[in-house]
Amino acid sequence: MVELQAEPLNLEALQNGDPNEQTRLVELYSDCIYRLALKMLANTHDAEDVLQETFIKALKALPNFEGRSSLSTWLYRIAINESLMLLRKRKLEVAIQEDDFVDGENEDSIEAYQLLDWCCLPEDVFMTNETRAELDRQIQKLPENLRTVFILRDIEALSIKETAETLELSETNVKTRLFRARLKLREELSTYFAEFIEENTNGKK
Amino acid sequence: MEKNKNHCEELITSISEYVDGSINPQLCLELEKHLSECDNCRVVVNTLKKTIDIYRQQSAREKMPSDVKNRLLARLHLEDYRE
């Protein structure tokens with residue numbers, strides 16, 4: 001999460017609709033909100049919609065904001081809800097097209113582990129566009145309930161407590177989901193890097 | 001051997017809290033002792049940490065395109081208030 005570098009936002013000015021302060025709010029949080037939406041939806045057009053809706057709703061609702069959570073947590077919550085609404089809409093569309101569309105949220109066990117140690121790969125391998133595309137693909141494969149927790153906690157770096165507040169879950173619940181999300185992603189990346197290592201060693205022969 | 005496998009399964013549920021540094025001290029000691037003896041669990045812990053690291057690093061480099069921000073400010077009627 002972005003820490004306020006300059007002056008903290010003036011809540012009273014925000015609630016009175018001061019456009020300078022509103023602009024500062026946008027400058028501070030729009031990057032995070034856009035990134036969150038993009039991770040949730042994997043589509044730049046939808047992410048932009050969510051970004052705009054989030055700030056429109058936030059500015060409208062600010063006079064009633066009671067400060068029980070932080071502004072950022074509050075914004076994240078609006079953005080998550082907007083994203084989930086879009087996802088539901090998409091699913092409905094898919095369901096209409098394919099009658100027997102089944103969501104793959106099966107409770108899989110945590111037994112089979114990939115045990116390749118790929119940590120020792122050169123750092124630049126992790127920073128390529130190919131790797132990034134793979135990371136995005138794997139986030140999309142997570143069930144929504146795990147995806148939201150992983151994005152807030154591990155990408156946006158909210159604390160467990162803030163993540164729980166944002167999603168209105170218990171901290172225990174957040175921890176459980178986080179564990180499952182991380183383990184799933186680790187598993188998938190292990191498969192990915194195992195193939196990568198194999199391809200590259202074959203190529204060198 | 002079988003006993004050891006169960007021990008791994010039992011401890012593995014704590015590795016998420018372990019990498020966050022929020023594990024309780026008693027369990028932490030037990031897990032670290034186990035990690036010093038079990039190569040497999042060590043790999044799982046290291047690659048789990050690395051997974052989180054890569055996601056954080058890659059995401060930190062992602063910036064919102066400036067035209068997206070311009071359109072947002074315009075939609076909010078704030079385009080004239082940028083510093």
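Details
- Qualifying residue in segment A:96-114 (condition: at pLDDT 55 or above, more than 14 Å from chain B (Cβ to nearest Cβ) and open to solvent by less than 60 Å² (accessible area, probe 1.4 Å)): no
- Count of segment A:155-179 residues which are at the interface with chain B (Cβ under 9 Å from one of its Cβ atoms) and basic (Lys, Arg): 1
- The numbered conditions (1) in a helix (DSSP H, G or I); (2) open to solvent by less than 50 Å² (accessible area, probe 1.4 Å) are all true for A:Leu158 except (1).
- Residue within segment B:40-47 that is more than 18 Å from the chain's Cα centre (by Cα) and at the interface with another protein chain (Cβ under 8 Å from one of its Cβ atoms) present: yes
- Within chain B, helices (runs of 4 or more DSSP H) holding 1 or more residues that are out of contact with any His (no Cβ under 9 Å at 6 or more places or on another chain), under 30 Å from A:Asp49 (Cα atoms) and among the polar types (S, T, N, Q): B:39-60, B:66-75
Let's see how each residue does on (1) surrounded by 13 or more Cβ atoms within 10 Å (Cβ to Cβ); (2) assigned to a loop (DSSP other than H, G, I, E, B); (3) more than 8 Å from chain B (Cβ to nearest Cβ):
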position: A:Trp118; (1), (2), (3): yes, yes, no
position: A:Glu130; (1), (2), (3): no, no, yes
position: A:Ala133; (1), (2), (3): no, no, yes
position: A:Gln138; (1), (2), (3): yes, no, yes
position: A:Asn145; (1), (2), (3): yes, no, yes
position: A:Ile151; (1), (2), (3): yes, no, yes
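- Checked against (1) in a helix (DSSP H, G or I); (2) open to solvent by less than 60 Å² (accessible area, probe 1.4 Å), A:Leu169 passes all but a single condition, namely (1).
- Listed by first and then second residue, the pairs linking a residue in segment B:22-46 that is hydrophobic (A, V, I, L, M, F, W, C) to a residue that is at pLDDT 95 or above and surrounded by fewer than 16 Cβ atoms within 10 Å (Cβ to Cβ), with Cβ atoms under 9 Å apart and 6 or more places separating them unless they lie on different chains, form an empty list.
- Scanning segment A:115-137 for residues that are aliphatic (A, V, I, L, M) and closer than 19 Å to A:Leu41 by Cα turns up A:Ala133, A:Leu135.
- For segment A:21-44, a residue qualifies if it is surrounded by fewer than 18 Cβ atoms within 10 Å (Cβ to Cβ) and more than 10 Å from every other protein chain (Cβ to nearest Cβ), and the qualifying residues are A:Ala42, A:Asn43.
- When we screen B:Glu30, B:Glu79 for residues that are over 26 Å from A:Gln114 (Cβ atoms), in contact with a helix residue (DSSP H, G or I) (Cβ under 8 Å, 6 or more places away or on another chain) and acidic (Asp, Glu), the only hit is B:Glu79.
- Pairing each residue of segment B:50-70 that is more than 17 Å from A:Met40 (Cα to Cα) with any residue that is open to solvent by less than 30 Å² (accessible area, probe 1.4 Å) and of a type in the set (A, V, I, L, M, F, W, C), provided the two are 6+ apart or on different chains, yields C-beta distances under 6 Å for B:Thr51/A:Leu185; B:Thr51/A:Leu189; B:Ile54/A:Phe126.
The values are calculated or read from the model by the stated rules, or taken from the named source; none is laboratory data. Keep in mind that what you see is a predicted model, and the values were worked out from it rather than measured. Neighbour counts run over all protein chains shown; Cβ positions are idealised from the backbone, glycine included. Protein only, heavy atoms only, side chains kept; ligands, DNA and RNA dropped before computing areas. Shrake-Rupley method; radii C 1.70, N 1.55, O 1.52, S 1.80 Å.
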